[in-house]
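Colleague: Quick one: this structure, given as structure tokens, is what I'll be asking you about.
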Amino acid sequence: MRGIVWDGKELCVVEGLAVREPGHDEVLVRIVNAGVCHSDVSVVTGTIPFATPVVLGHEGAGVVEQVGAGVTSVREGDHVVLSTLRSCGACARCATGSPTLCRESFGKLSTPFTLGGVAHHAFATLGCFAQRTLVRSNQAIPIPKEVPFASAALIGCGVLTGAGAVLHRAKVRAGERAVVVGVGGIGLNAIQALRLVGAHPIIAVDTNVEKRGIAIDFGATHFLDPSGIDMGEAVRDLTGGGADYVFECVGIKSVMEEALGCLDWGGSLVILGVAPFGTNLEFKPESIFLDQAIMGCRYGSSRPVRDIPRYADLYLAGKLKLDELVTQLYPMQDIHQVLEDMGKGRLARGVLEFDS
Ligand SMILES: [Zn+2]
Ligand SMILES: [Zn+2]
């Protein structure tokens, strides 16, 4: 089969990739669509260090093709959204509903692929930029067949992370004032979750003014281009003193520091953007003296087994936009074109199509 491999030097569409048979608790999934997320690009640029060679892709949807003997949660033919979270299901964190804090689920390599006898890793224990991938059963979450695959794929990273940060990490309530910095795949999902919970105002911030339209469509009440202005001052003006929550979805040191300056007393900054490893933030301790907080957030603090079907239902009920996130479909061999279009800020999400 074909897949997209990063070997540490080159990003290539390869032929002859093989994936092993499912073990006891594993599921073989035929990928139909996969979104290209910034984290895939970050592996290529080195912002996210990852073992090579690796099959990229961590936001996908497809059809279950084969299941291991111990799998009861899905069966052949089910439509599934894939989750990157290979949580163990048995530790105290899993048992108390915090699978993103499961120690088994972070920093482990999964290596289901081979190419010419050489083992190939799966990025984020998923590796869905391939015609087929192998995951643990709790990573393949069934969804209703009415949800188109291209839209469903985006639930697996963009929606879980962006919406999850609002709903499960920050737990934003109606009437709270929110800012989302960076109107990409993650930011748009934060914006639509803020709309769902009734936050107000919802201020979208992006240096690309072409993002204004989609930000407003997804629920932003205001759009701010921070170029050449003091972002904190502009936010304080619009909110009457500052934001209760700022969601940083860019991953740039100076943006994170400026975002901190947007908080009102008691406000929290949630960092979703991935800065290059080793980045140091600088801020004055007194600037967070009045009960401000800085929050990390892994994968939207989500519980994928519960949250993925919930987002699919919200989509079918017309309350969550997914189709609008799919800016363009590309055949898998056009991966370099997707990266180029992403670099130009043209895409909410570019989504790859995989033929069987
Ligand atoms: Zn992602
Ligand atoms: Zn666990």
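Colleague: Going by the conditions given, is Ala259 among the aliphatic types (A, V, I, L, M) and under 30 Å from Val44 (Cα atoms)?
Modeller: yes
Colleague: Could I ask something else about it? Report, by residue number, each residue of the range 121-150 that is assigned to a helix (DSSP H, G or I), surrounded by 24 or more Cβ atoms within 10 Å (Cβ to Cβ) and away from ligand 1 (no atom under 14 Å from the Cβ).
Modeller: Gln139
Colleague: Let me ask you something else. Cβ-Cβ below 7 Å, separation at least six or inter-chain, first residue in the range 166-189 and under 22 Å from Arg349 (Cα atoms), second of a type in the set (Lys, Arg): which pairs?
Modeller: Val183/Lys211; Gly185/Arg349
Colleague: Starting from the range 96-121, take each residue that is touching a residue at least 24 places away in the same chain (Cβ under 8 Å) and assigned by TED's automatic domain parsing to the domain that holds Phe50 and list its partners that are of a type in the set (A, V, I, L, M, F, W, C) and within 16 Å of ligand 1 (Cβ to nearest atom), counting only C-beta distances under 6 angstrom and pairs at least six apart or across chains.
Modeller: Note: pairs meeting the criteria are Pro99/Leu85; Ser110/Ala122; Pro112/Ala122; Phe113/Val55; His120/Val55; His121/Val54.
Colleague: Quick one: Pro331 ticks every box in (1) in the same structural domain as Leu82 (by TED's automatic domain parsing); (2) closer than 30 Å to Asp244 by Cα bar one, so which box is it?
Modeller: The one condition Pro331 does not meet is (2).
Colleague: Hey, can you tell me all the residues within the range 337-356 that are more than 19 Å from the chain's Cα centre (by Cα), surrounded by fewer than 13 Cβ atoms within 10 Å (Cβ to Cβ) and over 20 Å from Thr133 (Cα atoms)?
Modeller: Glu340, Lys344 - these are the residues of the range 337-356 that are more than 19 Å from the chain's Cα centre (by Cα), surrounded by fewer than 13 Cβ atoms within 10 Å (Cβ to Cβ) and over 20 Å from Thr133 (Cα atoms).
Colleague: Something else: Taking the condition modelled with pLDDT of 95 or more, under 17 Å from Tyr311 (Cβ atoms), of a type in the set (A, V, I, L, M, F, W, C) and out of contact with any strand residue (DSSP E or B) (no Cβ under 8 Å at 6 or more places or on another chain), does Leu85 pass?
Modeller: When the stated conditions are applied, Leu85 passes them.
Colleague: Of a type in the set (Lys, Arg) and either surrounded by 24 or more Cβ atoms within 10 Å (Cβ to Cβ) or touching an Asp or Glu at 6+ places or on another chain (Cβ under 9 Å) (or both): is that true of Arg236 in this structure? First the steps, then the outcome.
Modeller: Numbers: of a type in the set (Lys, Arg): yes; either surrounded by 24 or more Cβ atoms within 10 Å (Cβ to Cβ) or touching an Asp or Glu at 6+ places or on another chain (Cβ under 9 Å) (or both): yes.
Yes: the conditions hold for Arg236.
The values are calculated or read from the model by the stated rules, or taken from the named source; none is laboratory data. These numbers were taken from a predicted model, which means no experiment stands behind them. When we count neighbours, we look across all protein chains shown, and the Cβ atoms used for this are built from the backbone with ideal geometry, even at glycine.
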